[in-house]
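Quick notes on the structure that follows.
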Amino acid sequence: MRRAGRVAALQLLYQLDATSRYDALEEVLALHFEHLEPDVPEEARRFAEELCRGLVSRLEELDERIERASEHWRLERMSRVDRCILRLAAHELSSADVGTPPRVAISEAVELAQEYGASESAAFINGVLSRLAHDLHLDVR
């Protein structure tokens, strides 16, 4: 269920990023699950909503962490999909409330990148998140 929740969260974050309307999160959540993805299981929906709300409340902090870990890459230069995956995983890595083990957060982000990103996205995301985990003093073994 958490995988389905991450996919839904990625879709929602992509929409928010495309419109730069993070203040419209609640409206986007309602419309997404009512019209675009009405068959998402309730557990996955709750997880997606939790991820999105937490991420949006910390967006500036997460973006700063990502930029520090991404060496020579500004967020604006990253593809929208990569940026959204990094934000999602950075939130999971740095929030004890989510409860995702660091290794799982990175692995899930790499899988999302393989499925939704460009050919080089998975390696890029793995590298950035590995540096971020190191900066946060997380054990990813």
_Within the range 64-100, considering residues that are over 15 Å from residue 53 (Cα atoms) and among the acidic types (Asp, Glu), the one modelled with the lowest pLDDT_ = 71
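Go through the range 95-110 and report how many residues are in a helix (DSSP H, G or I) and free of Cβ contacts under 8 Å to residues at least 60 places away in the same chain. Walk me through how you get there before you give the answer.
Taking the range 95-110 as the starting set, the residues that turn out to be in a helix (DSSP H, G or I) are 102-110.
From what's left, free of Cβ contacts under 8 Å to residues at least 60 places away in the same chain: 102-107, 109-110.
Residues that pass the stated criteria total 8.
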*Kindly indicate the residue of the range 29-60 that is without any contact (Cβ under 8 Å) to a residue 12 or more places away in the chain and not in a loop (DSSP other than H, G, I, E, B) and also nearest to residue 133 (Cα to Cα) among those meeting that condition.*
60
*With the checklist (1) surrounded by fewer than 17 Cβ atoms within 10 Å (Cβ to Cβ); (2) assigned to a loop (DSSP other than H, G, I, E, B) in hand, flag the one item residue 18 doesn't pass.*
(2)
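For residue 28, indicate whether it is β-branched (Val, Ile, Thr), modelled with pLDDT of 95 or more and more than 23 Å from residue 123 (Cα to Cα). Before the answer, list the steps.
Working: β-branched (Val, Ile, Thr): yes; modelled with pLDDT of 95 or more: no; more than 23 Å from residue 123 (Cα to Cα): yes.
Judged against the criteria, residue 28 is not a match.
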*How many residues does the range 112-141 contain that are farther than 16 Å from residue 90 by Cβ and assigned to a loop (DSSP other than H, G, I, E, B)?*
5
*Within the range 68-88, which residues are outside any loop (DSSP other than H, G, I, E, B), of a type in the set (Asp, Glu) and loosely packed, with under 12 Cβ neighbours inside 10 Å?*
76
_Members of the range 89-109 found to be farther than 21 Å from residue 28 by Cβ and either surrounded by fewer than 18 Cβ atoms within 10 Å (Cβ to Cβ) or under 11 Å from the mean Cα position of the chain (by Cα) (or both), listed by number_ = 93, 96, 97, 99, 101, 103, 104, 105, 106, 107, 108, 109
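The values are calculated or read from the model by the stated rules, or taken from the named source; none is laboratory data. Bear in mind that the values here come from a model prediction, so they are computed numbers and not experimental data. Please note: Cβ atoms are built from the backbone with ideal geometry, for glycine as well, and neighbour counts cover all protein chains shown.
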